[in-house]
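The structure appears below as structure tokens.
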Amino acid sequence: MLEPLFPWREMRRMEREMDRMQREMERMFDTFFPRRRRWMEVEFPPLNIWTNNDQAIVTAELPGINPEELELSVNNDTLILRGKRLVNHLPEGARYQRRERFQGEFARSLQLPFAIDADKVEAHYENGVLTITLPRAEADKPKRIAVHAAESNGKEG
């Protein structure tokens, strides 16, 4: 006796098998090419930025990094942050089961919404977080212009 045909059941089985094969291929590529997926990940270090009329504040998460290894520079409206997270060497015979933390050299370039007074930039590193205060250049700050009314001579025109 012939078994009834259930096309949807077969389609689901094929979909599960394709998902399994895709996961296996991802695992294989991640083993041999660990930096392959970097383009899909958030850049390192992750940054937050907020601004007001007077300044920009940038925070960067940099746990485990020696602040003396960091290099900051500002050029007009661009902040550049460079550094290096040292590679952790595994004990002999050990191997990674999962490797998600970035290691090696990094650089981030961030265009700010206004020009910066580079002489007044301050940076503080505490508990793995770098906080950079970037004062807005005086020449770039919005200027409030007073509007003066003309004196009226009493005649309406």
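Read the figures in this text as sums done on the coordinates, not as results from a lab. Note that this is a predicted model, so its numbers are computed, not measured. Here the Cβ is made from the backbone with ideal geometry for all residues, glycine too, and neighbour counts use every protein chain on show.
In order along the range 109-116, the Karplus-derived 3J(HN,Hα) couplings, from 6.51 cos²θ - 1.76 cosθ + 1.60 at θ = phi - 60°, round to 10, 10, 7, 8, x, 7, 6, 10 Hz, and Gly and Pro are given as x. Model label sites at Arg13 and Asn88, defined 7 Å from Cα along the beta-carbon direction, differ in position by 4.4 nm. For Cα Rg over 2.2 N^0.38 Å, computed directly from the structure shown, the correct entry in [x] 2.41; [y] 1.23; [z] 1.88 is [z]. Extension gain, Glu138 to Ala118, is 6.1 nm, computed as 0.36 nm per intervening residue step minus the present C-alpha separation.
In order along the range 129-141, phi translates into HN-Hα couplings of 10, 8, 10, 10, 9, 10, x, 5, 4, 4, 5, 9, 5 Hz, rounded to whole numbers, per the Karplus curve 6.51 cos²θ - 1.76 cosθ + 1.60 with θ = phi - 60° and x for Gly and Pro. Computed per residue of the chain from DSSP H runs no shorter than four, each worth -39500 (n - 2.57), the mean residue ellipticity at 222 nm is -6000 deg cm²/dmol.
Of the chymotrypsin sites (Phe, Trp or Tyr not before Pro) found in the range 82-124, the ones in coil according to DSSP and having at most 13 other Cβ atoms within 10 Å of their Cβ are Tyr96.
What FRET efficiency comes out for the pair Thr131/Glu24, r = Cβ-Cβ distance, R0 = 30 Å, nearest 0.05? Can you show the working numbers first?
Values: r = 43 Å, r/R0 = 1.44.
It comes out at approximately 0.10.
Of all the stretches in the chain, which is the longest one without any exposed loop site, taking trypsin sites (Lys or Arg not before Pro) in a DSSP loop (any state but H, G, I, E, B) with at most 11 other Cβ atoms within 10 Å?
On the way: sites that count: Arg35, Arg36, Arg37, Arg95, Arg98, Arg101, Lys143, Arg144, Lys155.
My reading of the result: 38-94 is the longest stretch.
Near Leu112, the amide H atoms lying under 5 Å from its own belong to Thr78, Leu79; only residues 5 or more places off or on other chains count, and H is placed 1.01 Å from N. Against the chain, whose longest principal axis comes from its Cα atoms, helix 7-32 is set at around 70 degrees. Scanning residues 5 or more positions from Arg136 or on other chains, those with amide H under 5 Å from its amide H are Gln55, Ala56, Asp117, with H placed 1.01 Å from N in the peptide plane.
All other residues with a Cβ under 14 Å from the Cβ of Pro113 taken together, and with Lys, Arg as +1 and Asp, Glu as -1, what is their net charge? Display every interim value, and only then the final one.
Working: positive: Arg136, Lys141; negative: Asp54, Asp77, Asp140.
Its environment carries a net charge of -1.
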